[in-house]
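The structure's right below; bear with me while I get my questions together.
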Amino acid sequence: MRAPVREENWRSAELNLVKMDSEGGEKKKGRRRGLKERLDAGETILCAEGYLLAFVRSGYVLQGLWVPEFVLDYPDVLRQQHYEFVRAGSDVTEAYQYHTNRTMMERISGQDRTEEINRIAIKIAREVADETGTLCAGGLSSTNLFKFSDSPSDEDPTEKVKKIFEEQVRWSKEEGADYIIAETMWSLAEAKVAVEVIISSGLPAVVTLSVRNLRKKDGVYATHDGVAIPEACCQLVELGATLVGVNCSQGPANMIEVVEQIVKVVPPEKVCALPIAYRTTSEQPTWQVFADKGYPKNNPAYPNGLEPFYVTRMEIVEFTKRCLELGLRYIGICCGNTGSYTRAMAEAMGKESVLCKYHTRAATAQAAVEDFMEKVHATVGE
Ligand SMILES: [Zn+2]
């Protein structure tokens, strides 16, 4: 399970360049391998997500609307974040299209720039992907137009959502996306619209549901429209999604329990999982219910008080190993992700990222930590 060192790709990006023809097929001038081809070849894919919180950390995005307006003014900041994740080991350069759909742009009175912000995002991702030999993924995120099943909308939002997704998928395809990720989907109904739109574009669909603290009577987590997550995943596979799974909301330890339920009903090679890099627990199973005993005292810590909840890289390594044991072939990290978490996951997957040359003498970062701790214990006489 060893991915190719990408430095060669980096230096000879031209050789890996392939333009897609109008049907989405590869032109023969060069080689660009798609998602399905890589999965069929037995590769495991690491997908770094979590751009939103990365830009909250650097101050470009504030909580609330979560619309990445800054990309219109500072595209190089986005490009740099792609480099951070890809150099650390991500096999995917995911276009930052989270909350760039028309409904979200309307909220900032930016609907006139909806196409521009999406095209910029995918163009940059495509360029970085070509340069680094990674996959370029376009993105769809929830419109929030589908409501909870106990407070249904006055009118069925399906057609409106379909139009919103269709334009985003069209722009992504025209700018050269290899596949589309529909992420952080709260309801099965919206996820189904996303999968249908993506598949009718001819691109592969990866769809991930997000878990809120909403459970069926038997304790299994459910979508906003009341469908058990494993059952929802089954339905999305039947619709033709290449990969289905969960992202965001839950930290590694809680998400693995959901993954264990999904792989009972969906073949593990079709399942993906991308937890947040924050530590959820059985008492606080999603980040929306975080309460910090420190500050603000027992008040909601989401979204402005998340810093004390970061996981360690060792928790990411444990999650990675468990996913591989279960047979997953596509994993990653969502909100809270950093280059260091991505690198920890990549190394646990046996990948060699371009940053691997920046090692201590120890063979892996984990070994370096163990080596360091041994010396600490020796110093304190334990
Ligand atoms: Zn997230």
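I'd like the full set of residues that are of a type in the set (D, E, K, R), modelled with pLDDT of 95 or more and within 16 Å of the ligand (Cβ to nearest atom), limited to region 181-226.
Hit for region 181-226 is Glu183, nothing else.
Among the numbered criteria (1) part of a loop (DSSP other than H, G, I, E, B); (2) among the charged types (D, E, K, R); (3) surrounded by 18 or more Cβ atoms within 10 Å (Cβ to Cβ), which one does Lys264 miss?
Answer for Lys264: the failing condition is (3).
Given the criterion surrounded by 15 or more Cβ atoms within 10 Å (Cβ to Cβ), at pLDDT below 95 and either outside any loop (DSSP other than H, G, I, E, B) or on the phi < 0 side of the Ramachandran plot (or both), identify the matching residue among Cys272, Cys356.
Numbers: Cys272 fails: at pLDDT below 95.
When all the criteria are applied, what remains is Cys356.
Give the residues of region 215-251 that are in contact with a Gly (Cβ under 9 Å, 6 or more places away or on another chain) and free of Cβ contacts under 8 Å to residues at least 24 places away in the same chain, sorted by residue number.
Lys216
What are the residue pairs meeting all of these: first residue in region 362-380, first residue part of a helix (DSSP H, G or I), second residue surrounded by 13 or more Cβ atoms within 10 Å (Cβ to Cβ) and modelled with pLDDT of 80 or more, Cβ atoms under 8 Å, and 6 or more apart or on different chains?
So the pair list comes out as Ala365/Arg313; Ala365/Arg343; Ala365/Ala344; Ala365/Glu347; Gln366/Val317; Gln366/Ala344; Gln366/Glu347; Gln366/Ala348.
Any idea which of Lys297, Lys351 is of a type in the set (D, E, K, R), more than 23 Å from Glu257 (Cα to Cα), in a loop (DSSP other than H, G, I, E, B) and in contact (Cβ under 8 Å) with a residue 24 or more places away in the chain?
On the way: Lys297 fails: in contact (Cβ under 8 Å) with a residue 24 or more places away in the chain.
The conditions single out Lys351.
Just checking, how many residues over region 300-340 are of a type outside the set (Ser, Thr, Tyr) and part of a loop (DSSP other than H, G, I, E, B)? Walk me through how you get there before you give the answer.
Going through region 300-340, the residues of a type outside the set (Ser, Thr, Tyr) turn out to be 300-301, 303-309, 311, 313-319, 321-329, 331-337, 339.
Those left that are additionally part of a loop (DSSP other than H, G, I, E, B): 301, 303-306, 311, 327-329, 334-337.
Looking only at that region, the number is 13.
In this structure, does Ile229 turn out to be of a type in the set (A, V, I, L, M) and more than 14 Å from the ligand (Cβ to nearest atom)?
Values: of a type in the set (A, V, I, L, M): yes; more than 14 Å from the ligand (Cβ to nearest atom): yes.
So Ile229 fits the description; yes.
Mind checking whether some residue in region 193-200 is closer than 23 Å to Asp91 by Cβ, not hydrophobic (A, V, I, L, M, F, W, C) and not in a loop (DSSP other than H, G, I, E, B)? Break it down into steps so the answer makes sense when it comes.
Narrowing region 193-200 to residues closer than 23 Å to Asp91 by Cβ: 194-195, 198-199.
Then keep just the ones that are not hydrophobic (A, V, I, L, M, F, W, C); that gives none.
Looking for residues that are closer than 23 Å to Asp91 by Cβ, not hydrophobic (A, V, I, L, M, F, W, C) and not in a loop (DSSP other than H, G, I, E, B), one finds none in region 193-200, hence no.
Restricting to region 69-80, and then to whatever is surrounded by fewer than 22 Cβ atoms within 10 Å (Cβ to Cβ) and in contact (Cβ under 8 Å) with a residue 40 or more places away in the chain, can you tell me which residue is nearest to Glu131 (Cα to Cα)?
Arg79
Now a separate question. For Glu238, which of the numbered conditions (1) away from the ligand (no atom under 16 Å from the Cβ); (2) in contact with a Lys or Arg (Cβ under 9 Å, 6 or more places away or on another chain) fails to hold?
The single condition Glu238 does not satisfy is (2).
Does Arg322 count as in contact with a Phe, Trp or Tyr (Cβ under 7 Å, 6 or more places away or on another chain), modelled with pLDDT of 95 or more, away from the ligand (no atom under 16 Å from the Cβ) and of a type in the set (D, E, K, R)? Give the derivation first.
Values: in contact with a Phe, Trp or Tyr (Cβ under 7 Å, 6 or more places away or on another chain): no; modelled with pLDDT of 95 or more: yes; away from the ligand (no atom under 16 Å from the Cβ): yes; of a type in the set (D, E, K, R): yes.
Answer is no for this residue.
For Phe146, all conditions in the list (1) in a helix (DSSP H, G or I); (2) among the hydrophobic types (A, V, I, L, M, F, W, C); (3) touching a helix residue (DSSP H, G or I) at 6+ places or on another chain (Cβ under 9 Å) hold save one; what is the number of the exception?
Exception for Phe146: condition (1).
Sticking with this structure for a sec: What number of residues within region 285-318 are more than 21 Å from the chain's Cα centre (by Cα) and more than 16 Å from the ligand (Cβ to nearest atom)?
Number satisfying all stated conditions: 12.
Report whether or not Lys297 is modelled with pLDDT under 95, in contact with a helix residue (DSSP H, G or I) (Cβ under 9 Å, 6 or more places away or on another chain), surrounded by fewer than 17 Cβ atoms within 10 Å (Cβ to Cβ) and over 19 Å from Gly50 (Cα atoms). Talk me through it step by step, then tell me what you get.
Numbers: modelled with pLDDT under 95: yes; in contact with a helix residue (DSSP H, G or I) (Cβ under 9 Å, 6 or more places away or on another chain): no; surrounded by fewer than 17 Cβ atoms within 10 Å (Cβ to Cβ): yes; over 19 Å from Gly50 (Cα atoms): yes.
The answer is no for Lys297.
Find the residue count for region 63-114, including only residues that are in a helix (DSSP H, G or I) and in contact with a Pro (Cβ under 6 Å, 6 or more places away or on another chain).
Let us first name the residues in region 63-114 that are in a helix (DSSP H, G or I), namely 70-73, 75-88, 102-107, 111-114.
Narrowing further to those that are in contact with a Pro (Cβ under 6 Å, 6 or more places away or on another chain): none.
Matching residues across region 63-114 total 0.
Check off (1) polar (S, T, N, Q); (2) assigned to a loop (DSSP other than H, G, I, E, B); (3) away from the ligand (no atom under 16 Å from the Cβ) for Ser249 and give me the number that stays unchecked.
(3)
Regarding region 139-153, can at least one residue be identified that is away from the ligand (no atom under 16 Å from the Cβ), modelled with pLDDT of 95 or more, under 27 Å from Leu46 (Cβ atoms) and surrounded by 24 or more Cβ atoms within 10 Å (Cβ to Cβ)?
No, there is no match, as no residue in region 139-153 is away from the ligand (no atom under 16 Å from the Cβ), modelled with pLDDT of 95 or more, under 27 Å from Leu46 (Cβ atoms) and surrounded by 24 or more Cβ atoms within 10 Å (Cβ to Cβ).
Scan region 278-294 residue by residue and report those that are part of a helix (DSSP H, G or I) and either in contact with a strand residue (DSSP E or B) (Cβ under 7 Å, 6 or more places away or on another chain) or not hydrophobic (A, V, I, L, M, F, W, C) (or both).
Filtering region 278-294 down to residues part of a helix (DSSP H, G or I) leaves 287-289.
Answer for region 278-294, where residues must be part of a helix (DSSP H, G or I) and either in contact with a strand residue (DSSP E or B) (Cβ under 7 Å, 6 or more places away or on another chain) or not hydrophobic (A, V, I, L, M, F, W, C) (or both): Trp287, Gln288.
Related question: Could you list all residues from region 171-188 that are of a type in the set (A, V, I, L, M), more than 16 Å from Thr134 (Cβ to Cβ) and in contact with a Ser or Thr (Cβ under 7 Å, 6 or more places away or on another chain)? Give the derivation first.
Start the filter on region 171-188 by keeping residues that are of a type in the set (A, V, I, L, M), which leaves 177, 180-182, 185, 188.
When the remaining residues are screened for being more than 16 Å from Thr134 (Cβ to Cβ), the result is 182, 185, 188.
Result: Met185, Leu188.
The values are calculated or read from the model by the stated rules, or taken from the named source; none is laboratory data. Quick caveat: nothing in here was measured; it's all calculated off a predicted structure. Don't worry about glycine lacking a Cβ; one is built from the backbone with ideal geometry, like all the others, and counts go over all protein chains shown.
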